[in-house]
Amino acid sequence: MTTLEAPGTPPPPPAAATRPLARKRSRPSEQLFKWLVMGLTAITIAMLIWLISSVVIKGAGSLSWAFLADKPSSNPDKAGFNSALRGSVVLMIITIFFAWPIGVAAALYLEKFATQSAEASERKVRERLGSGVSGVHAGWLRVRLSWLRVRPRVVHLVDVNISNLAAVPSIIYGLLGLAIFVGILGISKSLLAGGLTLAVLILPIIIIAAREALRAVPISIEQGAMALGATRWQAVRSQVFPAALPGILTGTILAMSRAIGETAPLIVVGGIVFGTAVPSLNPLDAGNEALFAMPLQIYFWTDQPQASFQAIAAAGIIVLLATLLVMNLVAIILRNRYSKRW
Amino acid sequence: MTTNVEPDTTADDAPIEIQLSAGAATPTHAVAAGQGAAAGPAQPELGPPIFQLRDLGVWYGKNEAVRGVSMDIPKNAITAIIGPSGCGKSTTLRCLNRMNDLVPGARVNGEILFGGEDLLSSDVDPVDLRGRIGMVFQKPSPFPKSIKDNIEFGMKVNGIKPTAERVEQALVDAALWDEVKDRLKDEAFSLSGGQQQRLCIARAIAVEPEVILMDEPCSALDPIATLAIEDLMKNIAERFTLVVVTHNMQQAARISDQVAFMTVEGKAEGERCGVLAEVGTAREIFSAPKDPRTEAYITGRVG
């Protein structure tokens, strides 16, 4: 192939390409599309800026410590946001207290236990049935066997319906809460009833987020633990769950920020749009406290004809938005800080 | 790093002889190599079988993955399972500690006698079994925790008190101690791929199992890390029975005492299923294979 050449001989000329390299040229359709998507993005951002700035301009003047500390009043100059703030805090505590454990447990079951191979347990149950057990024990084994057979179909049904539940309009949850918590369980129309209703509302969101976080943990972690002689529960509790926890918490916070802005279901379960009580911050008293919440208070104020009510409504919106922003910020920090790349 | 790593020679008889004599309980196999060569053609007999596979078959749903595997796996020796991809090597390996129980739709039939008892029997507790028959996977899969936590987890679930000495011993056995002794609290993910895999081996050793199954433990690693792990395998083979799936025949030749060659057999309706073609000592398989399929595979890949 190549031979050594005597020093001084010029290198051979380069081989000719099929044609010279093309120069840069403009592509009008490319440009047009770029400007189009940029313009559409700008509209979205402009609307957000307009919303926030109009609220801030209207409400900033009314925002003060007194506004946060005062109770509601029919006089807009005296009216404060304190009851609404307290109500929302208690609502969130109750919501999370009920929704988180139930949602995470459901996600763990659906993701890690329900879809597991029933082959071994089915064989075992069948062998035991064949070995001549009788009476109650045999009946119980037969129940277990039929459950193992229908389980995949039941799990699939639950699967589909959890996604559907997440898309149900929130007012339907309000009606459900009214029927179950107020109607059947006899809880008074209080913060407790409101918190429970919001818990049901965000349950599917938490389940879906937790399942996604659990699914993001590689199966090798679980199998590695089980190959060491861990039971599935030990593997899930000690390895999979801690690894999924940041993702679960991120999803939970986003679900809470959905709940804190909900108005319609709270109105249905007896939300107070006008009242002068100041609810206790102790969640144990929530069953006797009137149902105050930030979005309810804002809704009531915006409904009033006087302009000064519009100003304090705007101030209330600023507080609500700030709360939401802080919650989302925490979620983002959690995700960036603890999310693992496998 | 130990220095008695054999250079990556072509797979002639020499490295096989080395391994056969190394199996006879001499840790410094470089010395043993000389003795083995001097001893001439006398082959050390494989020990008594710890596993006896009898007509093992695996189905995934309606697909037959493995059929009719019958073989013995000797105690305190290294058995390599080789063969083309899709021949059911890993599937067979995963039967030995009932990991296939975890695969939805998997069905295992036949018998696997472990110390004379069928471990596939439905009243055998797979959790306890996996504590006695550990496993290392293809991709290093440390837990997202500290190095120390990785070792201690298996001890805790098996009721072994996780003392500092035991942690150290497991890491020494896995030839990782010198590299991590000052950073036991560090995240396991901060280790290199080869170190992570040795951590996974240390984690398996720490449980004090009788058998360690390895599913292509070096396929994700570079040659240097691979040699470190092969070396460590040879060193621990006196204490543990090792069953290693590998697609690397030179590796099988370097490390194993016994080799099982699996292949794919066509069935009706164009389906394919893994079968055991031949099993024998490493020397038999690599220098005098009886089955023409073994010979074709070995000469095609190595010769």
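Using the Cβ-Cβ distance between B:Glu265 and B:Leu113 with R0 = 30 Å, the FRET efficiency computed as 1/(1 + (r/R0)^6) comes to roughly 0.75. What is the distance in Å between the Cα centroid of segment A:33-69 and that of segment A:121-198? A separation of 44 Å, based on Cα centres.
Look at the stretch B:102-108: the mean tally of other chain Cβ atoms within 10 Å of its residues' Cβ atoms is 5. Taking label positions 7 Å along the Cα-Cβ direction at both A:Leu321 and A:Ile93, the computed distance is 2.9 nm, reported to one decimal.
With respect to the cross-link table entries A:Lys112/B:Lys139; B:Lys89/B:Lys185; B:Lys75/B:Lys139; B:Lys75/B:Lys145, which display a Cα-Cα separation exceeding 30 Å? Don't skip to the answer; put the middle values down first.
Working: A:Lys112/B:Lys139 21 Å; B:Lys89/B:Lys185 36 Å; B:Lys75/B:Lys139 26 Å; B:Lys75/B:Lys145 33 Å.
Too far apart for the 30 Å limit: B:Lys89/B:Lys185; B:Lys75/B:Lys145.
Extending 7 Å from the Cα toward the beta-carbon at both B:Thr299 and A:Leu40 defines two label points whose distance is 6.4 nm.
Would you kindly state how much longer the chain becomes between B:Ile224 and B:Arg183 on full extension, computed as 0.36 nm times their sequence separation minus their alpha carbon distance, in nm to one decimal? Display every interim value, and only then the final one.
On the way: separation 41, 0.36 × 41 = 14.76 nm, distance 2.24 nm.
Full extension from B:Ile224 to B:Arg183 adds 12.5 nm.
Projecting the Cα atoms of B:Asn100, B:Ala253, B:Phe189 onto the dipole axis of segment B:50-301, where Lys and Arg carry +1 and Asp and Glu carry -1 at the beta carbon, places B:Phe189 farthest toward the positive end.
When +1 charges are put on Lys and Arg Cβ atoms and -1 charges on Asp and Glu Cβ atoms, the dipole computed for segment B:50-301 relative to its Cα centre reaches about 320 debye. Between B:Lys75 and A:Thr276, the distance separating the two model label sites (each 7 Å from Cα on the Cα→Cβ line) works out to 8.9 nm.
For the pair segment A:70-116 / segment B:211-255, the C-alpha centres are spaced 54 Å from each other. Amide H to amide H distances under 5 Å link B:Ile81 with B:Val244, B:Val245, B:Thr246, B:Ala260, where only residues 5 or more positions off or on other chains count and H is placed in the peptide plane. Using 0.36 nm per residue and subtracting the Cα-Cα separation, the extra length available between A:Val330 and A:Ala105 on full extension is 78.7 nm. Computed with every protein chain present, the accessible area of B:Asp125 is close to 80 Å² [probe 1.4 Å]. A Förster radius of 51 Å combined with the Cβ-Cβ distance from A:Trp147 to B:Ala164 puts the calculated FRET efficiency at roughly 0.65.
Sort A:Glu289, B:Glu284, A:Glu212 from largest to smallest accessible area, using a 1.4 Å probe on the heavy atoms of the protein chains. Don't skip to the end; give the middle numbers.
Details: A:Glu289 40, B:Glu284 70, A:Glu212 115 Å².
Greatest to least solvent exposure: A:Glu212, B:Glu284, A:Glu289.
Look at the dipole of chain A built from charges on Cβ: of A:Ala210, A:Leu91, A:Ile312, the Cα furthest out on the positive end belongs to A:Ala210.
With a 10 Å cut-off around each Cβ of A:218-225, the average count of Cβ atoms from other chains is 6. Using θ = phi - 60° in the Karplus curve 6.51 cos²θ - 1.76 cosθ + 1.60, the 3J(HN,Hα) couplings for segment B:50-63 round to 8, 10, 10, 8, 10, 6, 6, x, 10, 10, 10, x, 9, 9 Hz; x is entered for Gly and Pro. Packing, as the average of other Cβ atoms within 10 Å across residues, places the peptides A:42-48, B:113-119, A:202-208 in the order A:202-208, B:113-119, A:42-48, highest first.
Computed from point charges on the beta carbon alone (+1 for Lys and Arg, -1 for Asp and Glu), the dipole magnitude for the protein assembly as shown about its Cα centre is near 2500 Debye.
Computed from the Cβ-Cβ distance with R0 of 45 Å, the FRET efficiency linking A:Ala167 to B:Gln250 stands at 0.20.
Per residue of B:200-210, how many C-beta atoms from partner chains lie within 10 Å of its own C-beta, taken as a mean?
Working: counts 4, 0, 0, 4, 3, 0, 1, 4, 0, 3, 0.
Mean inter-chain Cβ contacts per residue within 10 Å come to 2.
Report for segment B:50-301 the percent antiparallel among DSSP-assigned beta bridges with both residues inside it, nearest 5.
Numbers: 27 of 45 bridges.
Around 60 percent of the beta bridges assigned by DSSP in segment B:50-301 are antiparallel ones.
For a straight C-alpha distance cut-off of 29 angstrom, the lysines reachable from A:Lys24 (same-chain residues fewer than eight places away being disregarded) are A:Lys34. Sorted on the mean count of surrounding Cβ atoms within 10 Å across their residues, most packed first, peptides A:239-251, B:179-191 read A:239-251, B:179-191.
By the rule of a C-alpha distance below 18 Å, with chain neighbours fewer than 8 residues away ignored, the lysines paired with A:Lys78 are A:Lys58.
Per the helix-only calculation at 222 nm, which mean residue ellipticity applies to chain A, given -39500 (n - 2.57) for every DSSP H run of n ≥ 4 and division by its residues, nearest 500 deg cm²/dmol? Present the calculation step by step, with values, prior to reporting the outcome.
On the way: 13 runs with 220 residues, N = 342.
Per the formula, -21500 deg cm²/dmol.
Backbone N atoms of segment B:78-122 closer than 17 Å to the 7 Å Cα→Cβ label point of B:Arg272 belong to residues B:82-92.
For chain A, a simple Cβ point-charge model (Lys and Arg +1, Asp and Glu -1, everything else neutral) yields a dipole of about 1200 debye relative to the Cα centre.
Whenever you get a sec, line up A:Leu129, A:Leu254, B:Leu120 from highest to lowest accessible area (probe 1.4 Å, protein heavy atoms). Walk me through the numbers on the way to the answer.
On the way: A:Leu129 40, A:Leu254 80, B:Leu120 15 Å².
So, going from the largest accessible area down, we get A:Leu254, A:Leu129, B:Leu120.
The values are calculated or read from the model by the stated rules, or taken from the named source; none is laboratory data. For clarity, every value in this text was computed on a predicted model and none was experimentally measured. When we count neighbours, we look across all protein chains shown, and the Cβ atoms used for this are built from the backbone with ideal geometry, even at glycine. Each accessible area value is taken on the protein alone, full model and side chains, heavy atoms only, with ligands, DNA and RNA left out. Shrake-Rupley method; radii C 1.70, N 1.55, O 1.52, S 1.80 Å.
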